[in-house]
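Below is one structure, written out as C-alpha cells, with a few remarks after it.
Every number here is computed from the coordinates shown, using simple stated rules; none is lab data. The model shown is predicted, which means the values in this text are computed figures rather than measured ones. Here Cβ is always computed from backbone atoms with ideal geometry, including for glycine, and neighbour counts include all displayed protein chains.
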Amino acid sequence: FMDPVAGNAGTGPELRFGGSVVIAGQFGSSWTLLGAEQTSSGYEVAWKNTTTGSFTVWSTDSNGNEVSGTSETAASIVSFETSFHQDLNGDGVIGPPQSPSATVIEAFGATKLDQIGNNYFMDPVAGNAGTGPELKFGGAVVIAGQFGSSWTLLGAEQTSSGYEVAWKNTATGSFTVWNTDSNGNEVSGSSETAASIVSFETSFHQDLNGDGVIGAPATTTTSVPTISMSYQDSANFNFRSNIDASSHLGSFVQLGGDSGLPSHAESPTPACEFQHLLEHAIAAAPDLGHALTGLFGDHLDHFLIR
C-alpha cells in the first residue's frame, strides 16, 4: 500500500501490475521494493535487483496501477534519489556524490561548469558540484575526450530554454556553441570563428577568443591636431600645382588676417592642403623651419605658426 506518511496503513492505493495487485515475491526473490513517492499524476515506485545491482522505477496512476517503467543503473538511479528522499544505490549520499576530484572549468556567470571524473555538470555557481544537469550529446552523457583531444570546453551558461555551451578546438582555433535543453541534452549548435565568437562573450562573461577583451574590441581613433595660423599680409600664397586636394582629409585650419585674405585662401581646400603638408613636414623633419622652406619657398614668410 502507498499510504500517506502520517496516515494509517492500508489507507492508500495498493500497488498493481497488469491490473492485478502485486504479490510479494511475484518477480522473483531478487527484486526488492525500495520505496514509493506520490507525484502529480500518481506514484513513482523504486525496485532493486539485489543480485545484479540494477534498478527499475515504475510510474503508476493514482490508483496504484503501473503505467510505465525505466531500467536504471547504480549511477543513473542517483537522479531519482532526491525525489525518493533516500540513498537508493547505497553510496552514502542522496543525489550525486560530491567528489573531491571535482574540477571547476569556469564560474564566471550564474552557471559554473564542473568536471567530475569524465563527466560535465552545469551547476549553479553557488551550488555543489554535480547538482545541475549533465552535459549530453545524442542522448548520452558527454565523456571527456569524446570528440578528440583538441576540443576543449570553455564554459556554460543557463538560458531561458536550457543552457549554452562553448567549445574551442585548440588545434584549429575554431569554436562551436551548443544549445541544450534544461536537462543538458544538445539540441542545436553553430560553428564560430575567433571573430564571430565575440558575439557570445558577454553572455558567457568571459574572453573566449583570448584577445584580452570581453565582447567587441573598442574602436580606436587617431586624433589629428588642428594647427592655427595667422596671415600677416595680403600677399598671395601659392600652393604647388601638383597637390591633389581631394586626397587630403585633414582638419580645417583657422586663417585670419589684418587686411583680408586672398580669395584662394578663403576656400577650405588650400587650408586642408596646407595642414596636410605641414603635419607631414613636422613628422618627417627634425628641422621644421628648413623643411617648410623646402616645401613652400619664400611664401612661408607670410605665415606665423602660433
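Please specify each residue of region 86-115 satisfying the condition of being among the hydrophobic types (A, V, I, L, M, F, W, C), within 21 Å of F55 (Cβ to Cβ) and buried (at least 19 other Cβ atoms within 10 Å of the Cβ).
Matches in region 86-115: L88 only.
Out of (1) over 23 Å from the mean Cα position of the chain (by Cα); (2) within 20 Å of V177 (Cβ to Cβ), what's the single condition that is false for D123?
With (1) over 23 Å from the mean Cα position of the chain (by Cα); (2) within 20 Å of V177 (Cβ to Cβ) applied to D123, the lone miss is (1).
Please give the number of the condition E66 fails out of (1) in contact with a Lys or Arg (Cβ under 9 Å, 6 or more places away or on another chain); (2) within 26 Å of G127 (Cβ to Cβ); (3) charged (D, E, K, R).
Among (1) in contact with a Lys or Arg (Cβ under 9 Å, 6 or more places away or on another chain); (2) within 26 Å of G127 (Cβ to Cβ); (3) charged (D, E, K, R), the lone unmet condition for E66 is (2).
Can you tell me which residue is surrounded by the most Cβ atoms within 10 Å (Cβ to Cβ) among those in region 167-198 that are closer than 17 Å to G148 by Cα and of a type in the set (V, I, T)?
V177
Can you name every residue in region 40-52 that is surrounded by 12 or more Cβ atoms within 10 Å (Cβ to Cβ) and either more than 25 Å from G90 (Cβ to Cβ) or without any contact (Cβ under 8 Å) to a residue 40 or more places away in the chain (or both)?
G42, W47, N49, listed by residue number.
Could you list, in sequence order, all residues of region 70-119 that are of a type in the set (D, E) and either closer than 28 Å to V45 by Cα or outside any strand (DSSP E or B) (or both)?
E72, E81, D87, D91
Would region 163-175 turn up any residue that is among the hydrophobic types (A, V, I, L, M, F, W, C), within 18 Å of S203 (Cβ to Cβ) and free of Cβ contacts under 8 Å to residues at least 24 places away in the same chain?
yes
Give the residue, chosen from S160, S199, that is farther than 25 Å from A75 by Cα, free of Cβ contacts under 8 Å to residues at least 24 places away in the same chain and part of a helix (DSSP H, G or I).
Within the list S160, S199, the selection yields S199.
Only one of these conditions is not met by G130: (1) crowded, with 17+ Cβ neighbours inside 10 Å; (2) part of a strand (DSSP E or B). Which number is it?
Here G130 meets the rest and fails (2).
Filter region 17-69 down to the residues that are in contact with a strand residue (DSSP E or B) (Cβ under 9 Å, 6 or more places away or on another chain), of a type in the set (V, I, T) and part of a strand (DSSP E or B) and list them by number.
T32, V45, T56, V57, T60, V67
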